[in-house]
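Below you'll find the structure, written out as structure tokens, and then a few comments.
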Amino acid sequence: MKPNELIVKGKVKSVIQAVEEDQVLIHYHDKVTAGNGEKEDYPEGKGKINNEISCLIFKQLEKAGIKTHFIQYAGPALMRCKKVEIIPIEVVVRNYADGSIVRQTTIPKDTKFSPPLIEFYLKDDSKNDPLLTEDRLSVMGYKNLRQMKQYAAETNVVVSDIFKKIGITLIDFKIEFGTTVEGNIVVADEISPDGCRLRMNDKSMDKDLFRKGEGDIIEAYQTILNKLKE
Ligand code: UDP
């Protein structure tokens, strides 16, 4: 691949080949989508804010010894990362009940999970990202579940603590994993308010504001970034 060549264009990010063969640049767009892309908007400055939040979180994960794809902040809305092959599984960690688990089960909203729940969903919009069982994952050939679960639990401890320090509760979040050129599994993609449920003084500070049309995500995301940088 040649430098600057587009590797993947996702819903809100693009992955671009870096000069170094084993590195990429992730470009965060000023775009937000919900409901499998059914609803979208183009909030100015979102890419820059999410990139900065994601870089700060990945930096802390690396500091805590959790292997990620992150290399460094590479400019406004750009993150330099190791090139990985994304594993098409979304791993969701839940500290409190909200969202799909409340819609789909009899578990009341805000139920505290201890230990946190760790769930696997298929990353496939055409199938509506179904929840998977460990048996199904095994038949599908996934052999690294235990490792992904452990990384997810460790990531939850670090990310919950980052937010707790700024007065925010991490209700739940989604992470993705990738396989590096060397064959190692690392935490990949982004960790930002787009893929987390965050609550501050009973107020949503995440993409639910957009999903439900209940507020300005830029104001909420910028507040989070400012607090993280304090
Ligand atoms: N999530 C995500 N991408 C997805 C699905 C979920 O980032 O495709 C995040 C979501 O923002 C939330 C967590 O994963 O923080 C759990 O989402 P849930 O299963 O409750 O689904 P939702 O209510 O968002 O449909």
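The values are calculated or read from the model by the stated rules, or taken from the named source; none is laboratory data. The model shown is predicted, which means the values in this text are computed figures rather than measured ones. Backbone-built Cβ (ideal geometry, glycine too); neighbour counts: all protein chains shown. Just the protein is used for accessible areas: all its heavy atoms, side chains included, with ligands, DNA and RNA removed. Shrake-Rupley method; radii C 1.70, N 1.55, O 1.52, S 1.80 Å.
What strands (runs of 3 or more DSSP E), lying completely within region 83-123, carry at least 3 residues that are touching an Asp or Glu at 6+ places or on another chain (Cβ under 9 Å)?
Ranges flagged: 89-96, 112-122.
Each row is one residue, and each column tells you yes or no for (1) farther than 26 Å from Pro76 by Cβ; (2) in contact with a His (Cβ under 6 Å, 6 or more places away or on another chain); (3) in a strand (DSSP E or B).
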| residue | (1), (2), (3) |
| --- | --- |
| Gly141 | yes, no, no |
| Lys149 | yes, no, no |
| Ala152 | yes, no, no |
| Ser160 | yes, no, no |
| Ile171 | yes, no, yes |
| Val187 | no, no, yes |
| Leu198 | no, no, yes |
| Gly213 | yes, no, no |
| Gln222 | no, no, no |
Listed by first then second residue, the pairs whose first member lies in region 92-112 and is more than 23 Å from Gln150 (Cβ to Cβ), whose partner is basic (Lys, Arg) and assigned to a strand (DSSP E or B), with beta carbons under 7 Å and at least 6 positions apart or on separate chains, are Asp98/Arg197; Gly99/Arg197
Of the conditions (1) free of Cβ contacts under 8 Å to residues at least 60 places away in the same chain; (2) within 30 Å of Glu230 (Cβ to Cβ); (3) surrounded by fewer than 16 Cβ atoms within 10 Å (Cβ to Cβ); (4) more than 15 Å from the chain's Cα centre (by Cα), Lys48 clears all except one; give me its number.
(3)
Are there any pairs with C-beta distances below 8 angstrom linking a residue in region 211-228 that is closer than 18 Å to Gly195 by Cβ to a residue that is modelled with pLDDT under 95 and surrounded by fewer than 16 Cβ atoms within 10 Å (Cβ to Cβ), with the two at least 6 apart or on different chains, and if so which?
Arg211/Gly35
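Condition check ((1) of a type in the set (Gly, Ala, Ser); (2) under 19 Å from Cys196 (Cα atoms); (3) surrounded by 14 or more Cβ atoms within 10 Å (Cβ to Cβ)) across all residues:
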site	(1), (2), (3)
Val8	no, no, no
Leu61	no, yes, yes
Cys81	no, no, yes
Thr106	no, no, no
Tell me, which strands (runs of 3 or more DSSP E) lie completely within region 20-78 with 1 or more residues that are over 28 Å from Met1 (Cβ atoms)?
32-34, 39-41
When you check Asn144 against the structure, is it modelled with pLDDT under 95 and more than 15 Å from the ligand (Cβ to nearest atom), yes or no?
yes
Restricting attention to region 173-230, and to residues there that are away from the ligand (no atom under 16 Å from the Cβ) and among the acidic types (Asp, Glu), which single residue is farthest from Lys46 (Cα to Cα)?
Glu182
Just give me the residues in region 17-41 being open to solvent by 80 Å² or more (accessible area, probe 1.4 Å) and either in contact with a helix residue (DSSP H, G or I) (Cβ under 7 Å, 6 or more places away or on another chain) or within 18 Å of Glu190 (Cβ to Cβ) (or both), in sequence order.
Glu40
Given the structure, is Lys112 away from the ligand (no atom under 14 Å from the Cβ), open to solvent by 60 Å² or more (accessible area, probe 1.4 Å), at pLDDT 95 or above and more than 16 Å from the chain's Cα centre (by Cα)?
yes
